[in-house]
Amino acid sequence: MAEPGRNGDLHQLVDRLSAGVVGRVREIELAVAAIASDRHIVIEGPPGTGKSTLLRAIARELGIGFEFVEGNAELTPARVVGHFDPARVLSDGYDPDVFVPGPLATALQNGSLLYIEELNRVPEETLNVLITVMSEREITVPRLGRLEAAPGFRLVAAMNPFDAVGTARISGAVYDRMCRIAVSYQSTDDETMIVQRAVASGPPDETKDPIDWIGLVVELVRATRSHPDVRIGSSVRGAIDMVFVANSLAELRELPVLAPKVSLDAALVSLSGRIRVREGTTRTPEDIITELWEATFNRTTGEGGGETEGKAGAPTGATTSR
């Protein structure tokens, strides 16, 4: 078994990770147990649920390397494994020094984690290379020879199972060689904490409104995930963006963040591009975001949201008046 952490204490490792990754104690424990047991893992869940954050934090706390690969249709075996420099091959031949290692070769040699983002976007030809590595813990590169995995090497991956565009079904051969951890959206309290942490690390919010502004934003974002006309709702990143945009827009328009001309516009800018409307509906993302904004902000703050002009409708263009 590989060293579970720098201090060899799994409990302390989980505690440190839990302090930095909000709302993922169970998933942290599962991932740590799998990696400490030399298992390969795949984490499946919606976008913005902390999959990359979790895996990067584990690599950092374990004190091991982390090789990142973005899964896409252009990811060939040569880009993952490595290649011989064509210019140097002409002068030096296929010498080992001419080989340019890719992330897989580097992770194998250094005993690092090989992290693949969006595993289900990787072409089948490249997945077959990864299957061999997971099974044999080695790979044979033509004209170079065999590369064996140093202690500590694991393949960890993340994938979003909900967006079918550009994705393919992962074969049973891949799943058979990996431990699977399924994640979903965090709780309301956890997502509120995530947004609060993000805002605290950015420009300060000078708004002194007694209403829980961030709580309303999180409620609005979570409502996009259950709307009957929405196939895919917004992640917590939409809530973070909305808070930042609203803070800047409030300063620009000299209005409180809860004013409709601020909060509604910020919601449209931050969320309309993040939701996916179901096929067959005639409604636009802007229509849906406006409906959810009215249900959330007008119900809680009262019609007008702090302005004296009454409830704002959906903007039809750039708002220039204050």
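Summary table
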{"quantity": "Exclusive hit being touching a strand residue (DSSP E or B) at 6+ places or on another chain (Cβ under 8 Å) and under 30 Å from R274 (Cα atoms), set A149, A157, A105", "calculated": "A157"}
{"quantity": "Breaking point among (1) within 30 Å of R276 (Cα to Cα); (2) open to solvent by 10 Å² or more (accessible area, probe 1.4 Å); (3) not in a helix (DSSP H, G or I); (4) not charged (D, E, K, R), for V100", "calculated": "(1)"}
{"quantity": "Of residues in the stretch 131-143 being open to solvent by less than 50 Å² (accessible area, probe 1.4 Å) and closer than 21 Å to F84 by Cβ, the one farthest from the chain's Cα centre (by Cα)", "calculated": "V141"}
{"quantity": "Selection status of L249, over 28 Å from the mean Cα position of the chain (by Cα), open to solvent by less than 60 Å² (accessible area, probe 1.4 Å) and more than 14 Å from L220 (Cβ to Cβ)", "calculated": "no"}
{"quantity": "Among the residues listed as I64, I58, the single one being under 14 Å from G152 (Cβ atoms) and touching a Ser or Thr at 6+ places or on another chain (Cβ under 6 Å)", "calculated": "I64"}
{"quantity": "Of all residues in the stretch 152-176 being within 24 Å of R231 (Cα to Cα) and β-branched (V, I, T), the one that is modelled with the highest pLDDT", "calculated": "I170"}
{"quantity": "Close pairs (7 angstrom Cβ cut-off, 6 or more residues apart or separate chains): within 18 Å of L30 (Cα to Cα) and open to solvent by 30 Å² or more (accessible area, probe 1.4 Å) in the stretch 48-69, among the small types (G, A, S) and at pLDDT 85 or above anywhere", "calculated": "S52/A158"}
{"quantity": "Failed item, numbered, when R88 is tested on (1) open to solvent by 50 Å² or more (accessible area, probe 1.4 Å); (2) in contact (Cβ under 8 Å) with a residue 12 or more places away in the chain; (3) out of contact with any strand residue (DSSP E or B) (no Cβ under 8 Å at 6 or more places or on another chain)", "calculated": "(2)"}
{"quantity": "Criterion: in contact with a Leu (Cβ under 7 Å, 6 or more places away or on another chain) and part of a loop (DSSP other than H, G, I, E, B) - qualifying residue of A157, A150", "calculated": "A150"}
{"quantity": "Evaluation of E118 against (1) more than 18 Å from the chain's Cα centre (by Cα); (2) closer than 30 Å to L271 by Cβ (one fails), failing number", "calculated": "(1)"}
{"quantity": "Test: R322 is outside any strand (DSSP E or B), of a type in the set (K, R), modelled with pLDDT under 95 and within 20 Å of T192 (Cα to Cα)", "calculated": "no"}
{"quantity": "Every pair of residues 6+ apart whose Cβ atoms lie under 8 Å, when the first sits in the stretch 182-200 and is crowded, with 16+ Cβ neighbours inside 10 Å while the second is acidic (D, E) and modelled with pLDDT of 90 or more", "calculated": "V183/E27; V183/E44; Y185/E191"}
{"quantity": "Test for Q109: is it surrounded by 15 or more Cβ atoms within 10 Å (Cβ to Cβ), under 30 Å from E219 (Cα atoms) and polar (S, T, N, Q)", "calculated": "no"}
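The values are calculated or read from the model by the stated rules, or taken from the named source; none is laboratory data. Computed from a predicted structure; not experimentally measured. Don't worry about glycine lacking a Cβ; one is built from the backbone with ideal geometry, like all the others, and counts go over all protein chains shown. Note: areas computed on protein heavy atoms with side chains; ligands, DNA, RNA excluded. Shrake-Rupley method; radii C 1.70, N 1.55, O 1.52, S 1.80 Å.
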